[in-house]
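One structure is given below, encoded as structure tokens.
The values are calculated or read from the model by the stated rules, or taken from the named source; none is laboratory data. Just so it is clear, the structure is predicted and the values come from calculations on it, not from any experiment. Don't worry about glycine lacking a Cβ; one is built from the backbone with ideal geometry, like all the others, and counts go over all protein chains shown.
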Amino acid sequence: MKRYFVTTFGCQMNAHDSERIKGVLEDLGLGEAPSQADADVVVFNTCTIREKPDQRLAAHLGQAAALKRAEPDRIIAVGGCYAEAQRERIFEQYPFVDVAFGPGTIRHLADWLGAGGEGVPRGLFGTADERRFSAALPTRRERRVQAWVQVSMGCNSVCSYCIVPHVRGRELSRRPGEILAEVTRLAAEGVKEITLLGQNVNSWGRDLLPDIGTDFGELLRACDAVEGIARIRFTSPHPKDFRRPVIEAMAESRSVCEHTHLPLQSGSSRMLKRMRRTYSRERFVKLADDLRTAIPDLALTTDIIVGFPGETEADFRETLDVVEEIRFDGAFTFIYSPRHGTEAATMPDQVPEEVRHERLERLVDVVQRIAHERNQERIGRVEEVLVEGPSRTDPALLRGRTRRNTTVNFAGSAQPGDLVGVRIEAATSTTLRGSDAAAVAA
Ligand code: SAM
Ligand code: SF4
């Protein structure tokens, strides 16, 4: 049997696409290899959001070139956002690559391999105009009790630093009937938690109007009504599209978890304007307040970029102020990375490298201190935990997640998929530690 190996870079959307890539390859009769060196088809599902993933990919492709030299029949496939961004040059840049495809054109990989692979001219590329929801493809789910559900593809925002609209195209919402059919099927397969995925998940449905006349709040309510689904998450919402009906749907839907990942990007209204985020610092803070008022005990996490062109020390301090004011439960922090073809890449006042690094370090210190304090506040409480499996650090413990999306390692004897009450005994900035509350009470 021929075997494949898929390496995934980047976001949850890519992790989800990789499940489809694996599903497609298995549908063609391939099995999974334990490593790249053992694989006949080596796939890279790439990311190009910042320079770092580009560099990591270049290192990986260097190794792939050596594998190809050792065994010329081996197929090297490159998919995802980097492939799309470099579509004009990819075969020139990496002559040993056999097939390339963009995000949303996974089917192209199957068509190419299905047509005999080597017999088909190289240079063929699944184009962005052929984009389709990968949900129609076979899948190999990595997690038994949790699943991703794609609700939209592409993005209509024009954030001046971001390459996503260039590589993933205009926003396209998936029809609600299709989404609900998938959620219902997943529930029947034993899935307890779904995460609705979109680049700008809460603008879902806009392009379906007036055809269907729905919004993301209604989608949340419809998913909540599906029997067997205990938890609903979604990522990433855009602050500009977080309207009242969505907040109300979150507050009133039993399965929608008390966690929102709300990307701030910067605490300076001046920077937000240059970033074309279309909200101000004040509007973001008010939204965070409204969310916490409507959903008591809500966990808020965020994305922040430091060193955006023109960012002064005063702008950066405004970001620190907002982080102190909102007290996020966690944050992904990024150094601004110029991306070719984006508006910000040609802005004149780029911030020097050492200043960007210094700001990142200062930001991470504040984020971690607050996340630690927020987690310490959970000590003594009993949290509902969805069990995922054994702990990664101590196999004698179990691992799961709270509704607020914090990882918990705990002593107990539950099965993956069980919902158990765990009494929290200790906390770091990223994880909690505890014991099964029923066992403690016994
Ligand atoms: N669509 C989502 C959103 O708007 O929040 C996620 C987009 S992206 C996959 C995830 C994060 O990467 C963004 O929220 C942003 O903080 C960061 N990011 C995007 N472009 C960047 C760049 N050029 N440099 C540094 N960070 C960037
Ligand atoms: Fe990029 Fe902005 Fe779209 Fe998010 S909303 S994917 S940051 S353009």
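Quick notes on this one:
- For Thr7: the one exception among (1) more than 18 Å from the chain's Cα centre (by Cα); (2) at pLDDT 95 or above: (1)
- Filtered residue count, segment 275-297, keeping only those that are more than 18 Å from Phe332 (Cβ to Cβ) and either more than 13 Å from ligand 1 (Cβ to nearest atom) or assigned to a strand (DSSP E or B) (or both): 16
- Among strands (runs of 3 or more DSSP E) entirely within segment 173-265, having at least 2 residues that are within 16 Å of ligand 2 (Cβ to nearest atom) and either in contact with a Phe, Trp or Tyr (Cβ under 9 Å, 6 or more places away or on another chain) or farther than 26 Å from Arg401 by Cα (or both) singles out 193-197, 259-261.
- Residues of segment 270-290 satisfying the condition of being in contact (Cβ under 8 Å) with a residue 24 or more places away in the chain, surrounded by fewer than 20 Cβ atoms within 10 Å (Cβ to Cβ) and more than 16 Å from ligand 2 (Cβ to nearest atom): Arg270, Val285, Asp290
- Verdict on Val191 being buried (at least 16 other Cβ atoms within 10 Å of the Cβ) and within 20 Å of Ala15 (Cα to Cα): yes
- Residues that are among the charged types (D, E, K, R) and either surrounded by fewer than 19 Cβ atoms within 10 Å (Cβ to Cβ) or in a loop (DSSP other than H, G, I, E, B) (or both), drawn from segment 390-422: Arg392, Asp394, Arg403, Arg404, Asp418
- Filter result (outside any helix (DSSP H, G or I) and among the polar types (S, T, N, Q)) within segment 31-68: Ser35, Asn45, Thr46, Thr48
- Within segment 298-314, tally of residues that are in a loop (DSSP other than H, G, I, E, B) and either within 19 Å of Arg369 (Cα to Cα) or at pLDDT below 95 (or both): 1
- Pick from segment 127-166, criterion of a type in the set (Val, Ile, Thr) and at pLDDT below 90, ranking: farthest from Ala188 (Cα to Cα): Thr127
- Any pair with Cβ under 9 angstrom, 6 or more apart, that starts in segment 198-215 at a residue that is modelled with pLDDT of 90 or more and more than 16 Å from ligand 1 (Cβ to nearest atom) and ends at one that is part of a helix (DSSP H, G or I) and among the acidic types (Asp, Glu): Gly205/Glu218
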